[in-house]
Amino acid sequence: MADIKHDGSAGQARYTGQCLCGSVRYDSGPPIMMGRCYCVDCRRVTGSGYAPVIAVLEADLTITGEIRLIEIRSAQGLKTWRGFCPQCGSPMVGHLQKNPGVTALYAGTLDDPELFRPGINLWLERAPSWVEIDRSVPGFDRQPDDAAPVYDTVRDAVDPTLPTTVAKLMAG
């Protein structure tokens, strides 16, 4: 198991990871959401049936190395940015226009993949029939317009001691 760094505040774990070649690394504080997204964009960026994502506050995230960002329009017509390692092509980050201050990390890039504890399923209406869906966690057919309840639902399931999303975003 990989070493987990602590930031000294309430002993919360640091989430670290890297791309396939090691050119890009990240270090983040605790997530505000961990889940599986079945939207078309996430499936295409990962080449899989869903994307295992970890949403973190940008203020708590440090990235070293170069990220190549591309801008696309999501299925909802909103600007979305995806970030890849320009050396090996590993998908590293995602940003949604409607969630400023939040960055999505792909759980497959974690140094310790056991830190990923999905607490929600998004875009279930787009899930391929061949994907087995964990129905023990809350799910949404689409992504709700207001993301804060999604983050808070997951926070309560994953770690109820974390501050509420709305409070963290307002303080940040």
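Just checking, how many residues over segment 121-133 are modelled with pLDDT of 90 or more and part of a loop (DSSP other than H, G, I, E, B)?
Number of matching residues: 7.
For segment 97-112, enumerate the residues that are touching a strand residue (DSSP E or B) at 6+ places or on another chain (Cβ under 9 Å) and without any contact (Cβ under 8 Å) to a residue 24 or more places away in the chain.
Gln97
Are any residues in segment 67-86 surrounded by fewer than 15 Cβ atoms within 10 Å (Cβ to Cβ) and under 17 Å from Ser28 (Cα atoms), and if so, which ones?
If the condition is that a residue be surrounded by fewer than 15 Cβ atoms within 10 Å (Cβ to Cβ) and under 17 Å from Ser28 (Cα atoms), then no residue fits.
For the condition at pLDDT 85 or above, under 13 Å from Cys37 (Cβ atoms) and among the hydroxyl-bearing types (Ser, Thr, Tyr), what is the one hit in Thr62, Thr103, Thr109, Thr80?
Thr80
Kindly state which strands (runs of 3 or more DSSP E) lie completely within segment 26-120 and contain at least 1 residues that are out of contact with any helix residue (DSSP H, G or I) (no Cβ under 6 Å at 6 or more places or on another chain), under 21 Å from Arg142 (Cα atoms) and basic (Lys, Arg).
33-37, 68-73, 79-84
If I filter segment 41-52 down to residues being within 16 Å of Trp81 (Cα to Cα) and buried (at least 23 other Cβ atoms within 10 Å of the Cβ), which single residue comes out as modelled with the lowest pLDDT?
So in segment 41-52, the residues within 16 Å of Trp81 (Cα to Cα) come out as 41-46, 51.
Subset that is buried (at least 23 other Cβ atoms within 10 Å of the Cβ): 42, 51.
Details: Cys42: 88, Ala51: 94.
The qualifying residue modelled with the lowest pLDDT is Cys42.
Here's a check for you: in segment 1-40, which residue that is among the small types (Gly, Ala, Ser) and either at pLDDT 95 or above or under 13 Å from the mean Cα position of the chain (by Cα) (or both) is nearest to Glu66 (Cα to Cα)?
By that ranking, first place goes to Ser23.
I want to confirm something. Restricting to segment 39-59 and keeping residues that are in contact with a Lys or Arg (Cβ under 9 Å, 6 or more places away or on another chain) and not hydrophobic (A, V, I, L, M, F, W, C), which single residue is nearest to Gly108 (Cα to Cα)?
Pro52
Taking segment 42-63 only, how many residues are touching a residue at least 40 places away in the same chain (Cβ under 8 Å) and either of a type in the set (Ser, Thr, Tyr) or closer than 13 Å to Pro128 by Cα (or both)? Give the derivation first.
Just the residues of segment 42-63 that are touching a residue at least 40 places away in the same chain (Cβ under 8 Å), to begin with: 42-43, 45-46, 49-59, 61.
Remaining after also requiring either of a type in the set (Ser, Thr, Tyr) or closer than 13 Å to Pro128 by Cα (or both): 42-43, 46, 49-51.
Total satisfying the criteria: 6.
The values are calculated or read from the model by the stated rules, or taken from the named source; none is laboratory data. From a predicted model like this one, the values you see are computed outputs, not experimental measurements. Neighbour counts run over all protein chains shown; Cβ positions are idealised from the backbone, glycine included.
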